[in-house]
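K.L.:
Okay, handing you the structure first.
The values are calculated or read from the model by the stated rules, or taken from the named source; none is laboratory data. Every value quoted in this text rests on a predicted model; they were computed, and no experiment measured them. Positions of Cβ are backbone-derived with ideal geometry, glycine not excepted, and every protein chain shown enters the neighbour counts. The accessibility values were calculated without ligands, DNA or RNA, using every heavy atom of the protein model including side chains. Shrake-Rupley method; radii C 1.70, N 1.55, O 1.52, S 1.80 Å.
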Amino acid sequence: MSQQDFMRGLEQDVMDQAMSAYADELHGKASSVVDPETGKHATVIVRQHERRGWTILTSGSTAFAKALEVRLGISLGEVHRMDDPINRKRLVYLAHATEDKAIVKPIAEGLMKRGIEVWYDNWEISAGDSLRRKMEAGLEECTHFVVLLTSKSVQKAWVNEEIDVGFTKAVEGSARFIGLRHELPIQDLSPFMQTRLVPELTLGDDGIEELAGTIFGVSKKPPLGDKPQYIQEREAGSTWSMSATVVAEYFVRSSEHAQSMEPMVSYEQIRDATGLSMVDVRIGLLDLSGAGLIDKREMINSGAEVWPKEDLFYTFDAQFMDWDPEKDASKLAAYLLNLDQDYATSADAASGLGWEARRFNPAASYLVAARVIEPIRESFNSDFVHGAFTLGDELLRFVRSQ
């Protein structure tokens, strides 16, 4: 090893230690927050991804996520619920000029008929209400900000203030911004607005149907023949791309023990096993890599090898296996607490629960990621990710919060 490689490795070790210490600090602060809706401590997972940043996940309520952001001193929208936005109710905030109500009202009614909640001022604001307070509440809760851009609305200071909020929410990632033009040339929009896709509104049911499809995330692409079986089996509403879900299923079903680097495969092997195109394989792997769930290494003259990290299995097992790692984690935590000791081996715990290593490892990895138990890496049995665990008060707090 050259001196340069040695120094680079030393520098990386120091960086890894610093990042690990920062993760512990973040998690320590997060774990002290009580969910205002349940009065319990919610599970928090701080996950590093690609050495560039952090993803913070919680099983707590939306109110808990907001409280967590305040406690950690981070920006709005940086804490994500584990089921968000799968179960998040769609709410459209409909911004417009008063003169355009004849156009806007049928849109609001049409979206409601299609199962989409709409914040429309005529329905939300009653006599004596604070106009600004009501609008701020609608903007705060909306998942989609829709603005009708006409020659009247673009001149309204109030509408432009709403647009500013809509842009801010889009940048934060808390809402999607949708602009619709009606009899307004693109040249009459602000330079910034011209850089966004702002289609002409189609009046009538066809236009409302198209808008509803956009809100529900329905692709405009026509199907290319019969869908493969793996596409037909995917559930609608997932926050993962189709490609990422199919690739994740491949790893979940291919792994014998749900350990990191099991299996190690090439892009071509994934393509051949799943039937995905190489483009979809690459996109799926990119999505999973960005979430910190897979890793890879470039091979000289032979492309790349990729493999799952342990977090992938507790993230996806519930979709494709006969168990749910999050529920199993609660069972495992209760079992470990009932041992009334400060140490336990994976083999003994798995045996006590009657689980094979394939089921045990994701549940244990979940508790490790949530800092509920402290792993001891020395492996007494190669079937298990962690040889043993130290058990402390974090375990007690977790079980009490279930």
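K.L.:
Taking the condition of being part of a helix (DSSP H, G or I), under 20 Å from LYS134 (Cβ atoms) and among the hydrophobic types (A, V, I, L, M, F, W, C), how many residues in segment 90-111 meet it?
P.N.:
4
K.L.:
Can you spot a residue in segment 154-161 that is touching a strand residue (DSSP E or B) at 6+ places or on another chain (Cβ under 6 Å) and either closer than 16 Å to PRO199 by Cβ or polar (S, T, N, Q) (or both)?
P.N.:
Checked against the condition, which is being touching a strand residue (DSSP E or B) at 6+ places or on another chain (Cβ under 6 Å) and either closer than 16 Å to PRO199 by Cβ or polar (S, T, N, Q) (or both), segment 154-161 yields no hits at all.
K.L.:
Would you call SER365 in contact (Cβ under 8 Å) with a residue 40 or more places away in the chain and under 27 Å from VAL265 (Cα atoms)?
P.N.:
Yes: the conditions hold for SER365.
K.L.:
Taking segment 141-168 only, how many residues are closer than 21 Å to GLY213 by Cα and touching a helix residue (DSSP H, G or I) at 6+ places or on another chain (Cβ under 7 Å)?
P.N.:
Of the residues in that region, 4 qualify.
K.L.:
Ok, one more. Quick one: what pairs do we get from segment 321-338, first residue touching a residue at least 60 places away in the same chain (Cβ under 8 Å) and open to solvent by less than 60 Å² (accessible area, probe 1.4 Å), second part of a helix (DSSP H, G or I) and among the charged types (D, E, K, R), C-beta under 8 Å, 6+ apart or different chains?
P.N.:
Cβ pairs passing all conditions: MET321/ARG359.
K.L.:
Please identify the pairs in which a residue from segment 54-72 that is farther than 23 Å from THR315 by Cα and open to solvent by 50 Å² or more (accessible area, probe 1.4 Å) has its Cβ atom under 7 Å from the Cβ atom of a residue that is modelled with pLDDT of 80 or more and assigned to a loop (DSSP other than H, G, I, E, B), counting only partners at least 6 apart or on another chain.
P.N.:
Pairs found: none.
K.L.:
While we're looking at this one, here's another question. Of the numbered conditions (1) at pLDDT below 85; (2) assigned to a helix (DSSP H, G or I); (3) closer than 30 Å to ASP311 by Cα, ILE215 fails exactly one; give the number of that condition.
P.N.:
All conditions are met except number (3).
K.L.:
Quick one: in segment 357-402, which of the residues that are more than 16 Å from GLU262 (Cα to Cα) and of a type in the set (Asp, Glu) is surrounded by the most Cβ atoms within 10 Å (Cβ to Cβ)?
P.N.:
Among them, the one singled out is GLU394.
K.L.:
Something else: Return yes or no: is GLY354 more than 29 Å from the chain's Cα centre (by Cα), of a type outside the set (Phe, Trp, Tyr) and open to solvent by 10 Å² or more (accessible area, probe 1.4 Å)?
P.N.:
For GLY354, the condition - more than 29 Å from the chain's Cα centre (by Cα), of a type outside the set (Phe, Trp, Tyr) and open to solvent by 10 Å² or more (accessible area, probe 1.4 Å) - is met.
K.L.:
Could you list all residues from segment 190-209 that are within 21 Å of ARG114 (Cβ to Cβ) and at pLDDT below 80?
P.N.:
Within segment 190-209, none qualify.
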